[in-house]
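Each remark here refers to the structure printed beneath this line.
Any read-out appearing in this document is the output of simple, stated calculations on the displayed coordinates, not a laboratory observation. Quick caveat: nothing in here was measured; it's all calculated off a predicted structure. Please note: Cβ atoms are built from the backbone with ideal geometry, for glycine as well, and neighbour counts cover all protein chains shown.
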Amino acid sequence: MIKFYFHPSPNPLKGALYLEETGEPYELVGIDTRKGEQHSEAFKAINP
C-alpha cells in the first residue's frame, strides 16, 4: 500500500487522482504546509 503525503492543492491532487484511477491501494495523509508540518521531525524521517 502506498502512503501518499500531500497538501490539498492542485498538483498533489493530480497525484491522488492518478492513484484513484489506477486502482492501486493507497492511504492519503494530509500535510498542512501552512502550519509548517513539512518541517516536523516526523515528516523529515520519511522525507529528508
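Details
- In the list (i) 4.0; (ii) 3.2; (iii) 3.5, the label attached to mean projected area of the Cα convex hull in nm² as derived from the coordinates here is (iii).
- When only the Cβ of Lys, Arg, Asp and Glu is charged (+1, +1, -1, -1), the dipole of the chain relative to its Cα centre reaches about 220 debye.
- Helical contribution to [θ] at 222 nm, DSSP H n ≥ 4, -39,500 (n - 2.57), averaged over the chain, rounded to 500: -11500 deg cm²/dmol
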